[in-house]
Each structure stands twice: as C-alpha cells, then as structure tokens.
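> Shown below is the structure under consideration.
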Amino acid sequence: MRVLLFDIDGTLLTTAGGGNRAIRQAIEEEFAVENPDTQISFSGRTDRSLMVELLQRNRVSPTKINCGRLRRRYGALFGAELRRSGGTLLPGIVPLFQALNALPNLDIAVMTGNFPETATQKLEHFEIRRWVRWIIGGDLDVHRDDMARRAAMMVARRHGDAHQETIVIGDTPADVLCGRAIGAKTLAVTTGEFSREQLATAEPTLLLDDLSDTERVMRFLVDDEVLAD
C-alpha cells in the first residue's frame with residue numbers, strides 16, 4: 001500500500017483570496033475589531049498557528065475559547081466567500097486523480113494546514129472530494145512537522161505492515177520538510193507562492209512546475225509493484 005498526502009492550497013487549487021476575506025470578516029464580526037489586520041504569510045502554516053497570530057495582531061487574547069470562536073465563525077463564513085470568489089482548480093488535478101483512482105493499493109489523502117471543515121468545503125466546491133479518502137488538517141498542531149507525524153500515525157493505523165511508502169505532494173518548503181520528517185518522498189510544485197529556486201533549496205525528491213503532465217507525475221507516484229493486483 002502506497003499513501004499519497006496532497007496539500008490543498010497552491011497544490012490542488014487556489015481560492016482567489018476567499019480565505020483571507022472570510023477570516024477578516026470573522027475577526028470583525030466575532031470580536032468587533034474594525035478593519036482587522038490579516039497581513040501575514042499563510043503559506044505552509046497550520047490554521048491553528050494562524051488563529052493565534054491573527055488574534056494577537058488584532059489585540060484579542062488567543063485563549064482556547066477565543067480561538068474556538070474564531071474557528072467556528074470563519075468556518076461558517078468561508079463557504080459563501082468561496083462561492084463568491086470562485087477560485088481555480090490547478091492544471092492537471094482532475095486527470096491525475098482519475099488516473100490514481102483507477103489503480104489498486106493506493107490510499108489518496110489530504111494533509112493540509114487548513115481546518116478539516118474548510119478543507120472539506122474546498123474539495124467539495126471543486127468536486128474533487130470523492131477521490132480523497134481521508135483528511136489530516138491543521139486544527140491540532142502549530143508546526144507542520146507535528147501534523148505530518150500525526151498523519152504517519154494515521155497511516156500506521158490504517159495499513160499496518162501493508163504500508164509500503166508515503167509521498168507528500170505540496171507547493172511550499174514546509175511541505176517538503178514535513179515530508180522528510182516522516183521519511184516520505186516529496187513532490188514539490190511551483191503553483192504556489194514559492195519559486196523553483198526557493199523550493200529547490202528544500203531538496204524535494206522531485207520538483208515540477210505543476211501537476212499537468214499526468215504521465216510523468218504517475219511515473220513518480222506509482223511504480224510496478226503498486227500497479228500489481
């Protein structure tokens with residue numbers, strides 16, 4: 001059994017700023033903050049760490065209760081904002097998932113810094129949720145390496161001795177580094193905010209411009225043993 005852990009934002013899709021607008025609205029409505037400051041880097045982060053920083057920047061105590069309030073309000077607002085902004089499904093995603101879904105001995109999952117509920121909304125909006133068997137989100141971990149370790153424990157529970165290999169697919173150096181933290185191969189793409197040079201510094205196993213060359217991506221993700229029944 002081979003496990004593929006896909007990032008979402010910048011790897012599978014973009015939301016055209018919908019997430020930022022929803023979080024701004026959530027802070028404003030939930031905590032009566034006028035013109036909230038959300039000018040921070042979201043790439044490679046977990047939503048748990050982002051909630052803490054955003055509350056601090058807007059002079060709201062990042063208590064467990066306040067983080068929970070912000071998460072609930074953000075989740076409630078996000079779907080409508082995504083429908084307004086539209087966003088984009090990145091090149092090659094549907095053909096790749098269709099090809100992967102046709103093969104045995106593959107477990108296709110998402111490992112994302114997003115909260116599980118907003119990750120699900122994104123996948124459903126772009127009609128690709130049906131190809132994803134499970135989701136590890138950024139609701140419990142501040143650091144992405146810890147999220148990857150939690151994903152590795154999920155893999156062990158799901159597959160035990162049948163697990164052959166894990167591959168992490170993402171668009172940030174953090175995706176590459178967290179993959180390395182769990183001994184996974186990594187595929188990095190330049191469809192996010194990071195350049196080829198920046199991603200190369202993290203030393204992914206394979207670096208591509210995007211996932212549009214289905215045949216080449218499949219050669220990396222799937223070998224003859226996985227294709228066998």
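> Please list the non-local residues whose amide H lies under 5 Å from the amide H of Trp134, H modeled 1.01 Å from N, same-chain partners needing a gap of 5 or more.
So Trp134 has HN proximity to Val110.
> Listed highest first by mean packing, meaning other Cβ atoms within 10 Å per residue, what order do 118-126, 142-150 come in?
Result, highest mean Cβ count within 10 Å first: 118-126, 142-150.
> What are the equivalent ellipsoid semi-axes of the chain, built from the alpha-carbon gyration tensor (square roots of five times its eigenvalues), in whole angstrom, biggest first?
In descending order, the three semi-axes are 31, 18, 16 Å.
> Tell me the Rg and the Dmax, in Å, that the Cα atoms of the range 18-85 produce.
For the range 18-85, the Cα radius of gyration and maximum Cα-Cα distance read 11.0, 31 Å.
> Continuing with the same structure: Would you kindly derive the ³J(HN,Hα) couplings of the range 3-12 from the backbone phi angles with the Karplus curve 6.51 cos²θ - 1.76 cosθ + 1.60 (θ = phi - 60°), listing them in order in whole Hz, with x for Gly and Pro?
With coefficients 6.51, -1.76 and 1.60, one gets 10, 10, 10, 8, 6, 9, 5, x, 10, 9 Hz.
> At a Förster radius of 30 Å, what calculated FRET efficiency corresponds to the Cβ-Cβ distance of Ala80 and Glu215, to the nearest 0.05?
Result of the calculation: an efficiency of 0.20.
> List the residues whose amide H sits under 5 Å from the amide H of Thr166, counting only those 5 or more places along or on another chain, with H placed 1.01 Å from N in the peptide plane.
Under 5 Å from the amide H of Thr166: Val3, Lys185.
> Taking 0.36 nm per residue of sequence separation and subtracting the Cα-Cα distance, how much length would be gained by fully extending the chain between Gln198 and Arg157, in nm to one decimal?
So the chain would gain 11.3 nm between Gln198 and Arg157.
> While we're on this one: When the accessible area of the range 18-85 is computed with all protein chains present and a 1.4 Å probe, what percentage of it is carbon and sulfur?
The value for the range 18-85 is 44 percent carbon and sulfur by accessible area.
> Here's something else I'd like to know. Antiparallel versus total DSSP beta bridges in the chain: what percent is that, nearest 5?
Rounded to the nearest five, the antiparallel share is 10 percent.
> Can you list the HN-Hα couplings for the range 182-188, worked out from phi with the Karplus curve (6.51, -1.76, 1.60; θ = phi - 60°), rounded to whole Hz and with x for Gly and Pro?
10, x, 9, 5, 9, 10, 10
> In deg cm²/dmol, rounded to 500, what helix-only [θ] at 222 nm does the chain give when every DSSP H run of at least 4 residues adds -39500 (n - 2.57) and the total is split over its residues?
Only helices count here, giving -14500 deg cm²/dmol.
> Could you state the accessible area per residue of the range 18-85 in Å², with a 1.4 Å probe and every protein chain left in place?
Result: 53 Å² per residue.
The values are calculated or read from the model by the stated rules, or taken from the named source; none is laboratory data. No experiment lies behind these values; they were computed from the predicted model shown. Note: ideal-geometry Cβ built from the backbone for every residue, glycine included; neighbour counts use all protein chains shown. Note: areas computed on protein heavy atoms with side chains; ligands, DNA, RNA excluded. Shrake-Rupley method; radii C 1.70, N 1.55, O 1.52, S 1.80 Å.
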